[in-house]
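The next block holds one structure in the form of structure tokens; read it before the comments.
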Amino acid sequence: MRGPLILPLLVAIMVPTFASAQQEVRMQEATEREPLRYLFYSPERDESAIEQTFPLVLFLHGGGEGGSDIKKVTKHGLPKLIAAGKKFPFYVVSPQNPSEKQFWDDQQLIRLVDEVVAHHPIDESRIYLTGLSRGGYGAWRLAIQNPNRFAALVPISGGGPVPYAKRIKHIPTWAFHGQQDSVIPVEESRRMIDALRKAGGKAMLTIYPNAQHDAWTQAYDDPDLYNWLLRHRLDAVQAE
């Protein structure tokens with residue numbers, strides 16, 4: 001059975017019109033900052049299975065989707081695919097940055113992950129992190145600040161703090177960027193991937209030669225991305 005709609009620290013505020021995609025809108029309990037609204041997708045479960053856990057993907061949107069209108073989060077990436085009816089074999093939590101200008105609150109994001117894990121049958125060895133544009137920067141930074149939490153990292157059209165890349169050399173990373181990107185130059189991704197490789201990390205970079213800032217549509221449409229993600233486990237990553 002799926003968990004109850006109302007849970008401690010997780011309050012459902014509405015069920016969207018695209019409920020057939022199993023994506024719900026929820027809200028993290030208010031802290032000293034604004035409440036964190038987020039979309040939550042549950043995979044189909046085998047009701048006959050006594051114990052069944054699933055991976056979790058944390059998706060961070062770009063700068064244009066921040067604010068208070070949660071529907072904006074479905075504009076790109078995984079939430080867009082889910083809203084269109086795409087099914088995934090993992091949970092997806094897609095928070096909305098309350099600010100349209102400020103960066104992501106890393107501590108708030110980790111609290112959200114903790115709460116989701118506490119209330120759903122999630123395999124904690126298979127928590128993955130991805131984001132696009134400003135969310136790509138957010139994914140790099142969140143992984144660096146929490147180097148033992150994520151089993152794989154997929155930043156798209158973003159960049160990060162190169163001197164700290166060595167902190168996540170053990171995390172399998174696959175970055176994507178458009179060669180023609182005039183918003184965030186492709187060199188931003190190249191620098192991070194080069195730093196990871198120099199540190200001995202397992203890092204890949206796919207550059208779409210004709211893509212501009214939107215490299216995420218091609219990336220998230222590629223089934224190889226999800227096959228690659230699901231191969232990785234945190235316990236195996238930590239043992240290397």
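Do we find that Ala165 is more than 23 Å from Val92 (Cβ to Cβ) and in contact with a Leu (Cβ under 6 Å, 6 or more places away or on another chain) in this structure? So Ala165 passes the test.
All conditions in (1) without any contact (Cβ under 8 Å) to a residue 24 or more places away in the chain; (2) within 12 Å of the chain's Cα centre (by Cα) hold for Pro95, with the sole exception of (1). Inside segment 28-42, residues that are surrounded by fewer than 18 Cβ atoms within 10 Å (Cβ to Cβ) and at pLDDT below 85 make up a count of 7.
Counting residues in segment 66-84 that are in a helix (DSSP H, G or I), acidic (Asp, Glu) and not assigned by TED's automatic domain parsing to the domain that holds Trp216 gives zero. Across segment 43-55, the qualifying residues are those that are at pLDDT below 95 and in contact with an Asp or Glu (Cβ under 8 Å, 6 or more places away or on another chain), and the one among them that is surrounded by the most Cβ atoms within 10 Å (Cβ to Cβ) is Thr53.
Summed over segment 101-125, the residues that are at pLDDT below 95, over 14 Å from Tyr137 (Cβ atoms) and touching a helix residue (DSSP H, G or I) at 6+ places or on another chain (Cβ under 7 Å) give a count of 0. Among residues of segment 123-145 that are in the same structural domain as Met192 (by TED's automatic domain parsing) and among the β-branched types (Val, Ile, Thr), those with a beta-carbon under 8 Å from a residue that is part of a helix (DSSP H, G or I) and surrounded by fewer than 24 Cβ atoms within 10 Å (Cβ to Cβ) at least six positions away or on a different chain give the pairs Ile127/Val113; Ile127/Val117; Ile127/Leu234; Ile144/Tyr164; Ile144/Arg167. Has segment 158-178 got at least one residue that is in contact with a Lys or Arg (Cβ under 6 Å, 6 or more places away or on another chain), among the hydrophobic types (A, V, I, L, M, F, W, C), in the same structural domain as Leu129 (by TED's automatic domain parsing) and on the phi < 0 side of the Ramachandran plot? Checked segment 158-178: at least one residue is in contact with a Lys or Arg (Cβ under 6 Å, 6 or more places away or on another chain), among the hydrophobic types (A, V, I, L, M, F, W, C), in the same structural domain as Leu129 (by TED's automatic domain parsing) and on the phi < 0 side of the Ramachandran plot.
Take Ala84 and tell me if it is surrounded by fewer than 22 Cβ atoms within 10 Å (Cβ to Cβ) and in contact with a Phe, Trp or Tyr (Cβ under 9 Å, 6 or more places away or on another chain). Yes.
The values are calculated or read from the model by the stated rules, or taken from the named source; none is laboratory data. Small disclaimer: the values here were computed from a predicted structure and weren't measured. In this analysis, Cβ positions are derived from the backbone assuming ideal geometry, glycine residues included, and neighbour counts consider all displayed protein chains.
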